[in-house]
1. Round to the nearest 0.05 the FRET efficiency obtained for SER132 and LEU26 when R0 = 22 Å and r is the Cβ-Cβ distance.
2. Taking the Cα of LEU68, stepping 7 Å toward and past its beta carbon, and measuring to each backbone N in the range 1-40: which are under 18 Å?
3. When each pair of different Cα atoms in the chain is counted once in the 1/r mean, what is the Kirkwood radius in angstroms, to one decimal?
4. Cut-off 10 angstrom, C-alpha nodes, Gaussian network model of the chain. Which of ALA115, ALA106, ALA23 fluctuates the most?
5. Using alpha carbon centroids, what distance separates the range 34-57 and the range 1-18, in Å?
6. Regarding the range 17-85, what are the three Cα extents along the principal axes, ordered largest first, in Å?
7. Mind putting a number on the dipole of the chain about its Cα centre? Charges go on the C-beta only, +1 for Lys and Arg and -1 for Asp and Glu, and I need it in Debye to the nearest 20.
8. If the reach is capped at under 15 angstrom between alpha carbons, list the aspartates and glutamates near LYS93, excluding any in the same chain fewer than eight residues apart.
Amino acid sequence: MRLFIYCADPREKADLGTKIDQALILPGEKVARISLFGGPIFIAHPIHFRDSASMLLSQIDFAVQKFLVEEIVAIGHDCGFYDTTPALSALSKEDKQRDILRVRRALANRHPARAIRAFFDSSDESKTCFESLTG
Ligand SMILES: [Zn+2]
């Protein structure tokens, strides 16, 4: 089972759920999902988002144990949730990509037996595209 973590932003331009279905989930594949506003970014900023980071990590831990998750997929985008925290509201797209890599490393430390993948939504109007983040 793969676990996808992504922002719940419902705007058509964002709509990660639909894009993920189209681009990252195999036909007929059953996956687990954690979709919430901000997606995985809380894990990259546990000081600014302490309660949300803790909640999200416990949700992930539960899914890994209960549903035998073998791969965790963290997906970022140019997220508006950063604007809820003044200290993070001026981050660039590159900063936000680095955050998702930070999430990847944190999850790899927490769940070393699981594969951890990271993507960033780089779609434009004409094409859905997820950039794979490594490092
Ligand atoms: Zn978002």
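1. 0.85
2. Backbone N within reach: 1-4, 29-33.
3. Hydrodynamic radius (Kirkwood, Cα only) of the chain equals 14.9 Å.
4. So, out of ALA115, ALA106, ALA23, the one fluctuating most is ALA23.
5. The range 34-57 and the range 1-18 have Cα centres separated by 15 Å.
6. The principal-axis extents, from largest down, are 38, 27, 13 Å.
7. I would put it at about 480 debye.
8. ASP78, ASP83, ASP121, ASP124, GLU131
Since every read-out is calculated from the coordinates, none of them should be taken as a lab result. All values reported here derive from a predicted model rather than from experimental measurement. Glycine also receives a Cβ, built like all others from the backbone with ideal geometry; neighbour counts cover every protein chain displayed.
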